[in-house]
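Data block below; observations after.
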Amino acid sequence: MMTRWTALPKHIALSAFGFIMIYPVLWLFFGSFKKNDEIFGNASLLPSTLHWSNYYDGWFAINELPFHIFFGNSFLLSIAILLGSLFSCSLAAYGFARINFPLKGVWFAVLMVTIMFPKQIIIIPQFLMFAELDWLNSYLPMIVPAWLGEFNGAFFIFLLIQFIRGIPLELDEAAVVDGAGKVRFFLLIMLPLLKPALFTISIFAFMWSWDDFLSHLLYINSVELYPVTLALNMFLDNTGKTNWGAMFSVSFLSIVPLLLIFFFAQKHFVEGISTTGLKG
């Protein structure tokens, strides 16, 4: 009994901290049912009246384009980046972890150094390069670099290397005895063993791509190609006539996929992080 009472302050503190962390999401959700004057003029979290029309108004607010177009664009872009990150980073990690080549240590050090560089330092060179390739106003400037390992590639490669180092080398030797080459070994043996780490990378890649705003703003000009992040930005009106209730409704819907991923994939996510971090 005493143990339960001594643990009570800890549970109260954790509950209070959890409520503070989730409060912005709750405020966004309940604000999606309020009118503008109630959102900023009423301190109460709960709306006095549920205005379901905010969801309809928000869904069809952007130039008569329904928001499912923007959600479809975001899913297309995020999934393409996710697949590209898995392809390029798994190959690079396997090479660093299992294949000996000249200056391997030097190139690995260069790879790790790139983690410290902010993305903003390469924006101008990349933009000029993609302009020369006539890739502007398309998804290619975001998808192609992911397939080449540029989209947070160093971080993903490092996670996979740590995981691969925990896989016994005897598997490689047995594959050589059985006559399997490196490509066959990678596809049939290594990739299935990498599932926990690949699952973790998939979650990171999807969430970071879904939430990306700067890259979308730089390279996409046509409204019909906008992902959700850019479409939400169109709600802001310099004249002060922004329909905040409609904006909140679509904003909440835009985080629903991320919330679902968290609730249904957190077990695999924690497993991938823990096993990756413990590999020496």
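Descriptive notes on the structure:
- Reachable lysines, given that their alpha-carbon falls under 26 Å from the alpha-carbon of LYS267 and they are not under 8 places away in the same chain: LYS10, LYS195, LYS279
- Distance (nanometres) between label positions extended 7 Å along Cα→Cβ at GLU64 and MET129: 4.2 nm
- Charges were assigned to the Cβ only: +1 to each Lys and Arg, -1 to each Asp and Glu. The resulting dipole of the range 1-129 about its Cα centre is roughly 680 debye.
- Residue among VAL250, VAL25, VAL223 with the largest mean-square fluctuation in a Gaussian network model of the chain, springs linking Cα atoms under 10 Å: VAL25
- Here the sum of -39500 (n - 2.57) over DSSP H runs of 4 or more residues, divided by the residues of the chain, equals -22000 deg cm²/dmol at 222 nm, to the nearest 500.
- Counting only lysines at least 8 places from LYS35 when in the same chain, those with an alpha carbon closer than 19 Å to its own are LYS241.
- Seen from SER44, the other residues with C-beta closer than 15 Å to its C-beta sum to a net charge of 0, counting Lys and Arg as +1 and Asp and Glu as -1.
- Under Karplus coefficients 6.51, -1.76 and 1.60, residue-wise ³J(HN,Hα) of the range 56-65 in Hz, glycine/proline x: 5, 4, x, 5, 10, 7, 8, 6, 6, 9
- Tilt relative to the chain, helix 244-278 - C-alpha long axis, 0 to 90 degrees, to 10: 30 degrees
- Aspartates and glutamates whose Cα lies under 13 Å from that of LYS34, excluding same-chain neighbours fewer than 8 positions away: ASP57
- Helix 123-132 vs. the chain, principal-axis angle (Cα, 0 to 90°, nearest 10): 80 degrees
- Taking a ≥ b ≥ c as the square roots of the eigenvalues of the alpha carbon gyration tensor, the chain is oblate, as a/c is not under 1.5 and a/b does not beat b/c.
- Solvent-accessible surface of the range 202-267, taken per residue with a 1.4 Å probe and all protein chains present: 49 Å².
- For the options ASN73, ASN42, ASN233, a Gaussian network treatment of the chain with springs between C-alpha atoms closer than 10 Å singles out ASN42 as fluctuating the most.
- Solvent-accessible area, 1.4 Å probe, carbon plus sulfur percent, for the chain: 71 percent
- Here the relative contact order of the range 25-110, from alpha carbon pairs under 8 Å that lie six or more residues apart, stands at 17 percent.
- Solvent-accessible area per residue for the range 1-126 (1.4 angstrom probe, square angstrom): 65 Å²
- Couplings 3J(HN,Hα) for the range 219-226, derived from phi with the Karplus relation 6.51 cos²θ - 1.76 cosθ + 1.60 (θ = phi - 60°), are 9, 10, 10, 6, 4, 5, 9, 4 Hz, where x marks Gly and Pro.
- Residue of PHE213, PHE101, PHE127 that the Gaussian network model of the chain assigns the largest fluctuation, springs spanning Cα pairs under 10 Å: PHE101
- Taking all Cα pairs closer than 8 Å and separated by 6 or more residues, the relative contact order of the chain comes to 33 percent.
The values are calculated or read from the model by the stated rules, or taken from the named source; none is laboratory data. Note that this is a predicted model, so its numbers are computed, not measured. We place every Cβ from the backbone using ideal geometry, glycine too, and count neighbours over all the protein chains shown. Heads up: the accessible areas ignore ligands, DNA and RNA and are worked out on the full protein's heavy atoms, side chains in. Shrake-Rupley method; radii C 1.70, N 1.55, O 1.52, S 1.80 Å.
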